[in-house]
Every structure is written in C-alpha cells, then in structure tokens.
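K.L.:
Please read through the structure below; I'll follow up with questions.
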C-alpha cells in the first residue's frame, strides 16, 4: 500500500510544521482550516479510522482525547470542538486516524 499523506508528513517526505509531537502522536495545523484554530491530532500508528480500531488500540483511542485536552489547556482555549470523521460518507478525506480540534468562530462543517 502506498503511504498516505500523514505517513509522508511523519516520515518527512512532505514538509509540515509540527505543533506537537510525542512517541504516539503528532499535531499539525489543518491546511484547509474551518476555524481560526484547526489542529489535526494524528496517530503515528497507521490506523485507517475509528471504524478500524481494534481492541488492543483502545488505550491509544483514549490517549488521543487526552492529547486534545492537553492542546486545549496549553493553548488556553476557552472552548473547542473535537471531530472524528469516519469513512467517506462521514467526511473522512485521509485514511489515517486523526482528530480535528477546532476553536474560535467555526464555519459549517461538512
């Protein structure tokens, strides 16, 4: 399988500025933001989507939410929206597990 855009960003084949990185996740700004702050919190492990999560990945699934909380706390955001798009019908454009964190005046989400 050809690597996806997020794998290519992680492997430095596509340039991107990391807002945050640890051993399991990295965070970048969305290139087509729907709000003044629109972060993508991305698993380093290539998992297609929430629908593809396996039982052994439930800890990672919880950790992505706690990382979103950390980003909100660190950025002192008064509020934010978290969005997982699942499948094409759910608006998922990249087949790699990621969570959108949006804050500020939100545009209508697809």
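K.L.:
Could you check the range 16-39 and list, in sequence order, the residues that are surrounded by fewer than 13 Cβ atoms within 10 Å (Cβ to Cβ) and in a loop (DSSP other than H, G, I, E, B)?
P.N.:
Of the residues in the range 16-39, the ones surrounded by fewer than 13 Cβ atoms within 10 Å (Cβ to Cβ) are 17-18, 22-23, 31-32, 36.
If the condition is that a residue be surrounded by fewer than 13 Cβ atoms within 10 Å (Cβ to Cβ) and in a loop (DSSP other than H, G, I, E, B), then 17, 22, 23, 31, 32, 36 are the ones that fit.
K.L.:
Okay, next question. Looking at 13, 58, 76 in this structure, which one is over 23 Å from residue 3 (Cα atoms), free of Cβ contacts under 8 Å to residues at least 12 places away in the same chain and part of a loop (DSSP other than H, G, I, E, B)?
P.N.:
Exactly one of 13, 58, 76 is over 23 Å from residue 3 (Cα atoms), free of Cβ contacts under 8 Å to residues at least 12 places away in the same chain and part of a loop (DSSP other than H, G, I, E, B), namely 76.
K.L.:
Of the conditions (1) within 13 Å of the chain's Cα centre (by Cα); (2) closer than 19 Å to residue 22 by Cβ; (3) surrounded by 14 or more Cβ atoms within 10 Å (Cβ to Cβ), residue 72 satisfies every one except a single condition; which number is it?
P.N.:
Condition (1) is where residue 72 drops out.
K.L.:
On to the next question. Restricting to the range 40-55, name every residue that is outside any helix (DSSP H, G or I) and free of Cβ contacts under 8 Å to residues at least 40 places away in the same chain.
P.N.:
44, 54 - these are the residues of the range 40-55 that are outside any helix (DSSP H, G or I) and free of Cβ contacts under 8 Å to residues at least 40 places away in the same chain.
K.L.:
Still on this model: Limited to the range 39-77, what total is found for residues that are touching a helix residue (DSSP H, G or I) at 6+ places or on another chain (Cβ under 9 Å) and within 16 Å of residue 102 (Cβ to Cβ)?
P.N.:
5
K.L.:
Further question on the same structure: State the number of residues belonging to the range 1-12 that are surrounded by fewer than 13 Cβ atoms within 10 Å (Cβ to Cβ) and modelled with pLDDT of 95 or more.
P.N.:
Within the range 1-12, residues that are surrounded by fewer than 13 Cβ atoms within 10 Å (Cβ to Cβ) and modelled with pLDDT of 95 or more number 0.
K.L.:
Would you confirm, using the coordinates I've provided, whether residue 6 is touching a residue at least 60 places away in the same chain (Cβ under 8 Å) and in a helix (DSSP H, G or I)?
P.N.:
So residue 6 passes the test.
The values are calculated or read from the model by the stated rules, or taken from the named source; none is laboratory data. Not measured: the values here are computed from a predicted model. Neighbour counts are summed over all protein chains in view; Cβ atoms, including those assigned to glycine, are modelled from backbone coordinates with ideal geometry.
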